[in-house]
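Colleague: I have a structure I would like to understand better, so I am pasting it below and will then ask my questions one at a time.
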Amino acid sequence: MQDFDYQTPTRLIFGKGVIGRLPEVMGNYGKKILLAYGGGSIKKTGLYDKVKELLADFEIIELSDIQPNPKYDPSVLEGVRLCKENGVEVILAVGGGSVLDCSKAIAAGAKYDGDPWDLISYKVKAKAALPIVDVITLAATGSEYDCGGVISRTETNDKIGYLDPCLYPAVSFLDPTYTFTVSKKQTAAGCADAMNHIMEQYFCEDSTILNDGFMEAGLKSLMVNTVKCLEDPEDYTARAEMMLTCTYGCNGIYALGSSESGWPCHGMEHALSAYYDITHGEGLAIITPRWMRHILSEKTVGRFVKYGINVFGIDSSLDRFEIADKAIAATYSFFESINIPMHLRDVGIDESRIDEMAHHVAVNEGLENAWAPLTEKDIADIFRASL
Ligand code: NZQ
Ligand code: ZN
């Protein structure tokens, strides 16, 4: 059991219709709001009108068109400019993880005099950030309960996970009904993302019975409920459990007392979506089983045995490597069964930039320190096996 120092200051307000409390909550942070949102889903669902109606007494400045894999330029830069020029007091992010991640970078940039990239690239430590409130509309990233945001910079092919304790949302509104309209593609990708968040914490040297049970239940919950959400997108109970399981994903609670894993699949996927702008969860689903197969060894097999038996119910009397093999195959089959494209070629990635991406990952992600260390060649091999 490892030592830890843990605090999540975010208030979660969960349930159908909780948005009615938005004016009361926003009033705690100020009158001038930056309303951040994406490419238009909140206008189609009516959530935009609802928010505007509820906040009629506030001054609202809008930042729209935040894209998936949110971009430093223009979204972060534009948001920082709007906050500074208008004296914004609080950011309200309404949308998926991309909108919220972008809002986190804006929140820190708005309180910093220099180039916001200094903060995102860890050249300068943020001293403060504007408070952030969010209404999350897609179950996936867990950004609503963590202090990270992932920002892409197109011209340098960078996609950086920017973490700082000052980036925790102050309040997250979680209404599962807002996820009813999420497409099958994004529902499945969200499931793969959240499952991978758990796996990134599960596959490590030192865990506990408590953490393993929590994570194994999380994986089973995601698989069962995603299938239900795909069958009936308005299944409230399934959407609700999926939402909460995703919310826990990235804030460390699944792994308190566990040793570090290095989050290798995320390190590798960030290059794929930086170079090719693919959907994060799909990139993860493609890489994960290939990474598993690549790192399976005498040292790692024990974790795969536990995973296989407790998550997929594989016969515990089989040989250890046979159990591991079946567990990896079951992981692949589950992703395939929810219609995730399972080859890089299916999402527009070919051989041409694999070595360049592997080099980028090796230089920037520190995966030689992962639980199962990865060299540049290992990373390239995993990418090639994923083609
Ligand atoms: O842009 P709009 O029009 O809103 O449409 C979005 C977008 O096209 C749509 N959408 C969202 N809610 C919807 C909806 N469509 C219909 N109904 C709704 N209720 O879904 C599309 C994808 O949205 P996006 O926000 O990009 O998805 P997600 O929440 O999966 O976020 C992905 C981003 O989060 C980062 C990823 O790298 C990626 O950039 N991550 C952030 C993490 C964090 N902060 O902790 C951890 C994760 O590992 C992840 O890396
Ligand atoms: Zn992720």
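The values are calculated or read from the model by the stated rules, or taken from the named source; none is laboratory data. Since the structure is predicted, the reported quantities are computational estimates derived from the model, not experimental observations. Glycine also receives a Cβ, built like all others from the backbone with ideal geometry; neighbour counts cover every protein chain displayed. Accessible surface is based on the protein model in full, side chains and every heavy atom, while ligands, DNA and RNA are left aside. Shrake-Rupley method; radii C 1.70, N 1.55, O 1.52, S 1.80 Å.
Colleague: Do the conditions hold for Gly249, that is, is it within 11 Å of ligand 2 (Cβ to nearest atom), open to solvent by less than 10 Å² (accessible area, probe 1.4 Å) and either under 17 Å from Arg384 (Cβ atoms) or of a type in the set (Ser, Thr, Tyr) (or both)?
Modeller: Numbers: within 11 Å of ligand 2 (Cβ to nearest atom): yes; open to solvent by less than 10 Å² (accessible area, probe 1.4 Å): yes; either under 17 Å from Arg384 (Cβ atoms) or of a type in the set (Ser, Thr, Tyr) (or both): no.
So Gly249 fails the test.
Here's the yes/no breakdown for (1) assigned to a helix (DSSP H, G or I); (2) over 21 Å from Lys159 (Cα atoms):
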| residue | (1), (2) |
| --- | --- |
| Glu282 | yes, no |
| Ile286 | yes, no |
| Pro289 | yes, yes |
| Glu298 | no, yes |
| Val305 | yes, yes |
| Ala358 | yes, no |
| Val363 | yes, no |
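Colleague: Same structure again: Hand me the list of strands (runs of 3 or more DSSP E) wholly inside region 142-187 holding 1 or more residues that are open to solvent by 30 Å² or more (accessible area, probe 1.4 Å), in contact (Cβ under 8 Å) with a residue 12 or more places away in the chain and within 23 Å of Ile91 (Cα to Cα).
Modeller: Answer list for region 142-187: 148-153, 158-163.
Matching residues to (1) away from ligand 1 (no atom under 14 Å from the Cβ); (2) in contact (Cβ under 8 Å) with a residue 60 or more places away in the chain; (3) more than 22 Å from the chain's Cα centre (by Cα):
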site	(1), (2), (3)
Leu82	yes, no, yes
Asn86	yes, no, yes
Val99	no, yes, no
Ala110	yes, no, yes
Asp134	no, no, no
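Colleague: What is the number of the single condition among (1) without any contact (Cβ under 8 Å) to a residue 40 or more places away in the chain; (2) farther than 18 Å from Ala129 by Cβ that Ser75 does not meet?
Modeller: With (1) without any contact (Cβ under 8 Å) to a residue 40 or more places away in the chain; (2) farther than 18 Å from Ala129 by Cβ applied to Ser75, the lone miss is (2).
Colleague: Could you tell me which numbered condition Leu210 fails, if it satisfies all but one of (1) within 13 Å of ligand 1 (Cβ to nearest atom); (2) in a helix (DSSP H, G or I); (3) over 14 Å from Thr141 (Cβ atoms)?
Modeller: (1)
Colleague: Does any residue in region 236-257 that is under 14 Å from Asp212 (Cα atoms) and among the β-branched types (Val, Ile, Thr) come within less than 9 Å, Cβ to Cβ, of a residue that is within 14 Å of ligand 1 (Cβ to nearest atom) and not in a loop (DSSP other than H, G, I, E, B) six or more places away or on a different chain, and which pairs are these?
Modeller: Ile253/Tyr145
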